[in-house]
1. For residues in the stretch 88-109 being surrounded by 10 or more Cβ atoms within 10 Å (Cβ to Cβ) and either among the small types (Gly, Ala, Ser) or free of Cβ contacts under 8 Å to residues at least 60 places away in the same chain (or both), which is farthest from ALA16 (Cα to Cα)?
2. Which one of these is modelled with pLDDT under 90, surrounded by 10 or more Cβ atoms within 10 Å (Cβ to Cβ), under 23 Å from VAL10 (Cα atoms) and under 25 Å from the mean Cα position of the chain (by Cα): SER76, SER85?
3. Out of the residues in the stretch 1-22 meeting the condition of being among the basic types (Lys, Arg) and either assigned to a loop (DSSP other than H, G, I, E, B) or touching a strand residue (DSSP E or B) at 6+ places or on another chain (Cβ under 6 Å) (or both), tell me which one is least open to solvent (accessible area, probe 1.4 Å).
4. Restricting to the stretch 33-69, name every residue that is of a type in the set (Val, Ile, Thr), open to solvent by less than 90 Å² (accessible area, probe 1.4 Å) and over 23 Å from ALA16 (Cα atoms).
5. Please count how many residues of the stretch 30-62 are in a strand (DSSP E or B) and over 13 Å from VAL12 (Cα atoms).
6. Looking at the stretch 59-84, I want the residues that are of a type in the set (Lys, Arg) and have a partner that is surrounded by fewer than 11 Cβ atoms within 10 Å (Cβ to Cβ) with Cβ atoms under 9 Å, at least 6 apart or on another chain. Which pairs are those?
7. Looking only at residues in the stretch 110-119 that are in a strand (DSSP E or B) and either out of contact with any Ser or Thr (no Cβ under 7 Å at 6 or more places or on another chain) or among the charged types (D, E, K, R) (or both), which one is most open to solvent (accessible area, probe 1.4 Å)?
Amino acid sequence: MAKIKKGDLVQVIAGAKPERGGDRGKQGKVLEVLVEQNRVIVQGVNYVTKHTRVGQTQRGTKTGGIETFEAPIHISNVAVVDPSSKKPTRVGHRVEEQTKDGVKRTVRVRYAKKSGKDL
């Protein structure tokens, strides 16, 4: 089971400090998880600029120029934020029994290790 999922609030724990132009310490929401590359795209973190060639659409409007967007960051450089303390924490799994419509099921639940609260 994945420790980081789409929609989680994460904090960057590695990289250059903000005074040197880095993103360490920034918090953001996970927009996408790239499982094969072990990378995540975090909102507002690791902005890069891309120069695209100027072209024309069918209607004659100009396209291209300089675009800024979030680039992927390695999954080991981010940590899930604890909902109670708002600080980065480790994630664990525990097995719980849930009853729904009279049927018992065993479900794995993610929780923050320091506070013990569900994520």
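The values are calculated or read from the model by the stated rules, or taken from the named source; none is laboratory data. None of these values were measured; they are calculated from a predicted model. Neighbour counts run over all protein chains shown; Cβ positions are idealised from the backbone, glycine included. Ligands, DNA and RNA are excluded from the accessible area calculation, which covers all protein heavy atoms including side chains. Shrake-Rupley method; radii C 1.70, N 1.55, O 1.52, S 1.80 Å.
1. Restricting attention to the stretch 88-109, the residues satisfying the condition of being surrounded by 10 or more Cβ atoms within 10 Å (Cβ to Cβ) are 88-94, 96, 98, 107, 109.
With the extra rule that they be either among the small types (Gly, Ala, Ser) or free of Cβ contacts under 8 Å to residues at least 60 places away in the same chain (or both), the set shrinks to 89-90, 92, 94, 96, 98, 107, 109.
Details: THR89: 20, ARG90: 22, GLY92: 28, ARG94: 35, GLU96: 40, GLN98: 44, VAL107: 39, VAL109: 33 Å.
Looking at residues that are surrounded by 10 or more Cβ atoms within 10 Å (Cβ to Cβ) and either among the small types (Gly, Ala, Ser) or free of Cβ contacts under 8 Å to residues at least 60 places away in the same chain (or both), I get GLN98.
2. SER85
3. Restricting to residues being among the basic types (Lys, Arg) and either assigned to a loop (DSSP other than H, G, I, E, B) or touching a strand residue (DSSP E or B) at 6+ places or on another chain (Cβ under 6 Å) (or both), the top hit is LYS5.
4. Those that are of a type in the set (Val, Ile, Thr), open to solvent by less than 90 Å² (accessible area, probe 1.4 Å) and over 23 Å from ALA16 (Cα atoms): THR52, THR57, THR61, THR63.
5. Count: 15.
6. LYS62/VAL54; LYS62/GLY55; LYS62/GLN56
7. To start, the set of residues in the stretch 110-119 that are in a strand (DSSP E or B) comprises 110-112, 118.
Adding the requirement that they be either out of contact with any Ser or Thr (no Cβ under 7 Å at 6 or more places or on another chain) or among the charged types (D, E, K, R) (or both) leaves 110-111, 118.
Working: ARG110: 26, TYR111: 50, ASP118: 81 Å².
Here the answer is ASP118.
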